[in-house]
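To keep things clear, I will list the structure first and then write my remarks on it.
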């Protein structure tokens with residue numbers, strides 16, 4: 001019996017020693033001893049904010065989702081269990097609108113992107129925003145100065161709720177991060193201002209769900225904001241949107257950068273590096289691109305020029321929601337890029353797949369960052385877009401989801417009809433055959449995929465071909481309608497009846513293959529800096545060849561007429577002349593080609609609108625030659641100027657084209673049989689708007705200033721005074737001939753006076769830097785430039801001509817008298833005194 005008791009005592013002592021030893025080991029491994037127990041042992045009263053035992057926070061009722069963090073949902077709260085290994089790691093947070101109010105953006109639209117870092121500070125977890133705008137290598141002394149000058153702001157702090165049972169992770173309540181109004185994770189300020197958003201209405205906001213995946217966490221939450229001017233549903237006085245925040249772990253091993261060169265268009269990331277040997281801070285810009293690398297076992301094959309499959313392919317999945325009949329066309333558009341990657345040394349670099357069925361993989365979801373997906377959205381938005389998410393440290397594209405809106409087919413139908421129906425029977429009906437629409441879908445799919453590969457729009461591509469070559473079947477079948485599918489070259493509006501076999505749209509072209517090879521072809525055993533010399537040689541090899549040229553997309557004040565949207569060929573006047581001939585063939589057939597028995601005239605109205613829009617595009621293409629400056633990017637080792645004024649003869653040809661085809665009333669557009677079916681009024685106003693839009697474009701401040709500057713340097717260029725005289729003579733030609741001035745011309749002439757009046761009081765225009773190569777503007781000091789003096793002289797000349805005008809009918813004489821009064825009011829404005 002005594003022996004038995006002794007044995008039991010030894011067991012108890014052993015158990016106690018084992019427990020003590022285990023506790024000691026735990027303490028030595030981590031300082032995360034339970035605060036409550038520590039407080040008890042020290043005699044202190046536990047603080048209510050101290051971490052609690054794990055099972056008191058994450059109870060058995062919690063639903064747990066393992067992934068990057070383990071996400072626990074319990075009683076409308078969401079807890080993040082953060083592994084120790086992920087503290088101080090950098091993660092990319094991308095904020096997108098997933099569902100939106102009518103009139104407020106579109107589903108899938110990116111609102112913000114920022115790098116975050118989770119840190120532990122005592123009893124709190126701190127979430128910081130990390131900037132890569134300014135950098136320096138960690139090993140350099142200047143790195144400390146960079147950190148001190150770029151203190152990382154705190155986005156949010158969380159009290160630690162518990163530690164895991166094995167003390168290797170930390171639990172926080174993440175609910176407030178998405179329930180409260182954290183602006184960088186919700187509706188950004190630029191969205192709030194126009195709608196007069198004042199506050200978050202927390203009683204109408206909630207978390208939809210938070211899901212965890214191996215490399216990302218997706219949080220969806222509905223935000224309702226009080227708004228003084230909501231874009232829709234005014235009676236609510238609020239805006240409700242669903243926001244998706246995607247937090248993605250950045251790679252452990254950053255990809256090698258490839259530095260940007262403006263001679264090859266590319267989406268980029270950038271940083272200002274203070275750690276370089278240059279005697280100033282220097283901005284480094286590098287390509288956004290997928291990580292395509294050669295397998296170790298294939299390096300020798302690659303060096304011999306053999307095509308190799310990359311270590312990791314670019315794979316796109318087609319959304320399960322995509323109608324079956326369109327899937328193959330979207331896939332074809334994706335895999336059309338294989339020929340471009342072959343130029344970079346890879347085969348099967350990009351492939352399209354159907355996603356697994358729910359039965360095959362119930363966990364598969366488009367929100368998992370491991371999968372890039374073409375998302376099919378049942379939306380009335382006539383659009384598609386191809387955004388991507390990239391590592392800001394290197395530009396590595398981590399994933400991309402292409403948003404495909406159902407109504408993009410409506411847009412395609414309109415473009416294809418108005419640009420090809422004159423020569424293409426497949427476009428001469430209200431509905432296209434599936435194979436025709438499928439080919440158009442394939443075209444748009446390839447274009448959007450190009451964006452996700454890193455390529456922006458190349459609007460300089462479409463001027464590479466002589467206009468007459470676009471009527472050549474053999475040429476266009478070989479080269480398409482432009483050297484790049486990334487241009488807005490759309491469809492072949494130049495081709496005329498009889499040009500059988502001509503291609504109607506671009507394919508993956510010469511420029512596309514060149515750009516992909518330039519951006520993706522591995523340069524083995526070279527640093528990013530050492531690559532630059534080789535990359536420059538690849539560009540210089542094709543210098544001067546228009547097929548290899550890149551031209552930015554321009555918005556607003558278009559200065560380079562050789563880099564425009566929606567244009568074709570190397571001469572805007574000739575291309576537009578062919579285009580107008582085709583529109584003149586379409587208009588008489590519009591009723592027949594757009595109507596069906598038993599249907600209304602909605603299609604007729606829509607397609608007539610497309611005709612008007614297409615005609616307006618031609619006028620823009622031509623008028624942008626006036627005051628135009630060609631922009632051809634070069635480096636110091638290349639001969640010739642970067643900027644060159646459009647030749648005077650070309651500008652005068654453009655002016656005459658506008659006078660002949662627009663300012664002389666385009667009677668072919670005025671078809672009463674169409675108007676009788678689609679509207680009770682509006683035809684006169686439509687022509688006035690067309691004419692005044694182009695007139696105002698010609699008389700832009702920036703355009704006028706560029707004419708002044710070019711003539712200052714070279715007297716052989718088109719002078720502003722000459723341009724203004726040519727414009728006046730064309731618009732007011734009846735003053736010389738004595739002809740009757742009809743309704744359309746009277747409207748145009750009043751628009752001319754109104755624009756001159758605007759120029760007399762126009763505010764200065766600042767020079768705006770390019771925003772991603774898009775928005776540029778010429779600086780103009782209106783009170784001190786020649787513009788106001790020239791405009792004043794024009795008004796006086798016109799007034800003199802009006803006073804001497806003879807003939808015309810009574811309405812013409814009334815119009816002339818009114819025009820004189822309008823000019824008098826501009827030159828000598830009456831001061832109106834009001835008595836208070």
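Every number here is computed from the coordinates shown, using simple stated rules; none is lab data. Keep in mind that this is a model prediction, so the values were computed, not measured. Quick reminder, even Gly has a Cβ in these numbers, built from the backbone with ideal geometry, and neighbours come from all protein chains shown.
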For the chain, share of DSSP beta bridges that run antiparallel, in % to the nearest 5
80 percent
Most exposed first, judged by fewest Cβ atoms within 10 angstrom, 549, 199, 822, 750 run 199, 750, 822, 549
In 10 Å bins starting at 0, how do the alpha-carbon pair distances of the chain split up by percent?
2, 10, 17, 20, 19, 14, 8, 5, 2, 1, 1, 0, 0, 0
How tilted is helix 324-335 with respect to the longest principal axis of the chain? Cα atoms for both, answer in degrees (0 to 90, nearest 10).
90 degrees
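Suppose we look only past 17 Å in the calculated P(r) of the range 573-621. What percent of the Cα-Cα pairs does that tail hold?
38 percent
Once Rh for the range 489-580 is found with the Kirkwood sum over Cα pairs, what is the Stokes-Einstein diffusion coefficient at 25 °C and 0.890 mPa s, in µm²/s? Could you put the intermediate results ahead of the total?
On the way: Rh = 16.2 Å.
Taking Rh from Cα pairs, D becomes 151 µm²/s.
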To test your reading of the geometry: what angle, between 0 and 90 degrees and rounded to tens, separates the Cα axis of helix 572-586 from the longest principal axis of the chain?
80 degrees
So in the range 252-570, what percent of DSSP beta bridges are antiparallel if you round to the nearest 5?
45 percent
Whole-Å distance linking the alpha carbon centroid of the range 468-499 with that of the range 569-644 is 14 Å
Kirkwood hydrodynamic radius of the range 596-707, from inverse mean 1/r over distinct Cα pairs, in Å
16.7 Å
For every helix of n ≥ 4 consecutive DSSP H residues, a contribution of -39,500 (n - 2.57) applies; sum these over the chain, divide by its total residues, and give [θ] at 222 nm rounded to the nearest 500 deg cm²/dmol.
-11000 deg cm²/dmol
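Report the per residue volume, in Å³, of the convex hull enclosing the C-alpha atoms of the range 54-249.
137 Å³
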Would you order 538, 404, 337 from fewest to most other beta-carbon atoms within 10 Å of each residue's own beta-carbon?
538, 337, 404
Return P(r) of the range 252-570 (all Cα-Cα pairs; 20 Å bins starting at 0; whole %; ordered from short to long distances).
30, 57, 13, 0
Rounded to the nearest 10 degrees, what's the angle between the helix 787-803 long axis and the longest principal axis of the chain, both from Cα atoms, 0 to 90?
30 degrees
Rel. contact order, % - alpha carbon contacts under 8 angstrom, at least six apart, the chain
8 percent
Projected area of the range 628-676, taken from the Cα convex hull and averaged over every viewing direction, in nm²?
5.5 nm²
Radius of gyration and Dmax over the Cα atoms of the range 699-836, both given in Å
17.5, 57
Whole number please: convex hull volume per residue, Cα atoms of the range 61-101, in Å³.
113 Å³
Computed over the range 595-720, the relative contact order (Cα-Cα under 8 Å, seq sep at least six) in percent reads 30 percent
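For the range 528-639, what D do you get in µm² per second when you plug the Kirkwood radius from alpha-carbon pairs into Stokes-Einstein at 10 °C and 1.306 mPa s?
For these conditions, the coefficient is 91 µm²/s.
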Rounded to the nearest 0.05, FRET efficiency between residue 410 and residue 48 (Cβ-Cβ, R0 35 Å) equals 0.05
If 369, 154 are placed from fewest to most neighbouring beta carbons inside 10 Å, the sequence is 154, 369
